[in-house]
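S.K.: Next up is a structure, given as structure tokens.
The values are calculated or read from the model by the stated rules, or taken from the named source; none is laboratory data. Computed from a predicted model, the values in this text were never measured in an experiment. We place every Cβ from the backbone using ideal geometry, glycine too, and count neighbours over all the protein chains shown. For accessibility, only protein heavy atoms count, side chains too; no ligands or nucleic acids. Shrake-Rupley method; radii C 1.70, N 1.55, O 1.52, S 1.80 Å.
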Amino acid sequence: MKPTGTDPRILSLAAEVAKSPEHNVPVILLKLKEILNNTPLGSSELKKIKQDIYCYDLIQYCLLVLSQDCSRIQGGWTTISQLTQILSHCCVGLEPGEDAEEFYNELLPSAAENFLILGRQLQTCFINAAKGEEKDKLLHFFQIVTDSLFWLLGGHVQLIQNVLQSDHFLLLLQTDNVQMGSTVMTMVQNILQINRAKRTKTLLKLNRQKEEEDRRLQLQLQRQRAMRLYRELRLSMLEIVHPGQVEKHNREIEEKSALIIQKHWRGYRERKNFRQQRPSLTEYKAAVTLQRATLKFLAKCRKKKKLFGPWQGLRELTDARRVELKQQVDDYVRRHPSSQMSDVTSKELHSQAQQQLQHYFMGRALEERTQQHREALMAQISTNIEQLMKAPSLKEAEGKESELFLSRSRPVAAKAKQAHLTTLKHIQAPWWKKLGEEVGDEVDVPKDELSVELGTLFIGGTKPP
């Protein structure tokens, strides 16, 4: 039965194969490679294309071409190697549908056997070839055929047994050529890895089934043990209860059991109903939330409309209402008389307010300058402290580093210089002049010497006199 919605490319290709002569069929079948490569891997479209290729017997055509003599095929080993790739890719991931038995029992084993026959033929040609270029081409074709076989075995693991039991596979292993032998051993290693993965998957599946069976048996044993304990308990209760009260006791037990069963059944039924009603409850809550938000938004819109709406004027007043409002205004004016002020008093108040404002702004400007000066002094102090913290010791000081620590204040510099000179004079004085002096006594320094020393002192931030 032909599928509906067949790809037009497959239809035209099948018609071309049916109308073309036999020697042109292999070249026409190579167009399948372009169709498969242009379709995303693993997509539903690719599965549909493979089903169409199988239903229109294009896979069978590829298999028939590969079973022919390679010398009769147009393009030789190049065409054959590409057809093996097409055949392996079409068979992997294909869902044959109604013809599954024929596909798995006949077509796939035949394809694997043809791959082994082609590999054996390529091996023979490689051994008999004399030129190095020809050997390289044949080895390349042999690798393509073995890769196609490996791809086919990866998609259909059940074919591994057929391949390992094939006589052609044994002949492939019996080679003395190093390059051919390494390619064959690589293929064998890949096949064994697939087989090992299959065994691991099978063991995991069996272990899982065994665990499920053990769990089921354990639950069954627990149920049987619970029933046995229940029956033993009933027998012990029957031995204790008076024979005349047995029927009453059984009725009470039946009532309790019925209540327990009803309780669990109602709980199950309510939970089931709740799970069924959960979507509707969610929709109801969502609807309530949306309605609440919509009503709030509409209320805000109406409020804004009232605030910013056009003024429609006052309602027309009747004569009685006009007389009533006039009477209320007169009464209010009579109870709250306004204080009158002369022009002179008003000008005096205005001038006083201006003076107070001027005094305030002048004081604020003075405060701002004082604050700026205070901040500048604080910044200077912070800089000096940081500079002193990072200052090197007197042994490490070099060059003009000491000048960086001169004070910017002339009085401070003068006082420091005076203290320094005093100390020097006291140290350089003879010992007999120091007799009778005590620690802390001040030494007079002539003003000329002080002024001379200060004349050569650099004070940062000031100009020399």
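S.K.: Taking K and R as +1 and D and E as -1, what net charge do the other residues with C-beta under 13 Å from the C-beta of Gln193 add up to?
M.R.: Charge balance in the 13 Å sphere: +4.
S.K.: Could you tell me which label, among [x] -0.24, -0.33, -0.66, -0.91; [y] -0.77, -0.77, -0.92, -1.13; [z] -0.19, -0.28, -0.65, -0.99, carries the value of log10 I(q)/I(0) by the Debye sum over Cα atoms at q = 0.05, 0.06, 0.09, 0.11 Å⁻¹ calculated for this structure?
M.R.: Given [x] -0.24, -0.33, -0.66, -0.91; [y] -0.77, -0.77, -0.92, -1.13; [z] -0.19, -0.28, -0.65, -0.99, the calculated one carries the label [y].
S.K.: Moving to a separate point now. Might you work out the accessible area of Ser88 for me, using a 1.4 Å probe with all protein chains in place, and round it to the nearest 10 Å²?
M.R.: Number for this one is 0 Å².
S.K.: Can you compute the label reach from Asn177? Point 7 Å from Cα along the Cβ direction, backbone N cut-off under 13 Å, restricted to region 82-126.
M.R.: Correct set: 119-126.
S.K.: Also, quick follow-up: Would you compute, from DSSP H runs of 4+ residues alone, the mean residue ellipticity of the chain at 222 nm, taking -39500 (n - 2.57) per run and dividing by the full residue count, rounded to the nearest 500? Walk me through the intermediate numbers first.
M.R.: Values: 16 runs with 336 residues, N = 465.
Calculated from helices alone, the mean residue ellipticity at 222 nm is -25000 deg cm²/dmol.
S.K.: In addition: Leaving out ligands and nucleic acids, and using a 1.4 Å probe, what accessible area per residue does the chain come to in Å²?
M.R.: Per-residue accessible area for the chain comes out at 78 Å².
S.K.: If ligands, DNA and RNA are left out, what is the accessible area of Ser351 with a 1.4 Å probe, given in Å² to the nearest 10?
M.R.: Rounded to the nearest 10, that gives 50 Å².
S.K.: Would you mind classifying region 8-194 by shape? Square roots of the alpha carbon gyration tensor eigenvalues, ordered a ≥ b ≥ c; an a/c under 1.5 is rounded, otherwise it is prolate if a/b is larger than b/c and oblate if not.
M.R.: It is oblate, given that a/c is not under 1.5 and a/b is not larger than b/c.
S.K.: If you don't mind, there's one more thing I want to ask. Quick one: with all protein chains in place, what share of the accessible area of region 1-83 is carbon or sulfur, to the nearest percent (1.4 Å probe)?
M.R.: Taking all protein chains in place, region 1-83 shows 55 percent carbon and sulfur surface.
S.K.: What are the membrane-span-like helices in the chain by this rule: whole DSSP H runs, Cα extent along the axis at least 15 Å, mean Kyte-Doolittle hydropathy at least -0.5?
M.R.: Counting only whole DSSP H runs, the qualifying helices are 8-19, 77-91, 108-128, 132-155, 410-428.
S.K.: Please identify every one of the trypsin sites (Lys or Arg not before Pro) in region 105-210 that sits in a loop by DSSP and has no more than 12 other beta carbons within 10 Å of its own beta carbon.
M.R.: Counting only loop positions with at most 12 other Cβ atoms within 10 Å, the trypsin sites (Lys or Arg not before Pro) in region 105-210 are Lys131.
S.K.: Run the accessible area of region 115-216 with a 1.4 Å probe and give the carbon-and-sulfur part as a rounded percent.
M.R.: Working: 3410 of 6400 Å².
Using a 1.4 Å probe with all protein chains present, region 115-216 comes out at 53 percent carbon and sulfur.
S.K.: Need the full-extension length gain, Glu255 to Ala286, defined as separation in residues times 0.36 nm minus the C-alpha distance. One decimal, nm.
M.R.: Numbers: separation 31, 0.36 × 31 = 11.16 nm, distance 4.44 nm.
Extra length from Glu255 to Ala286 when fully extended: 6.7 nm.
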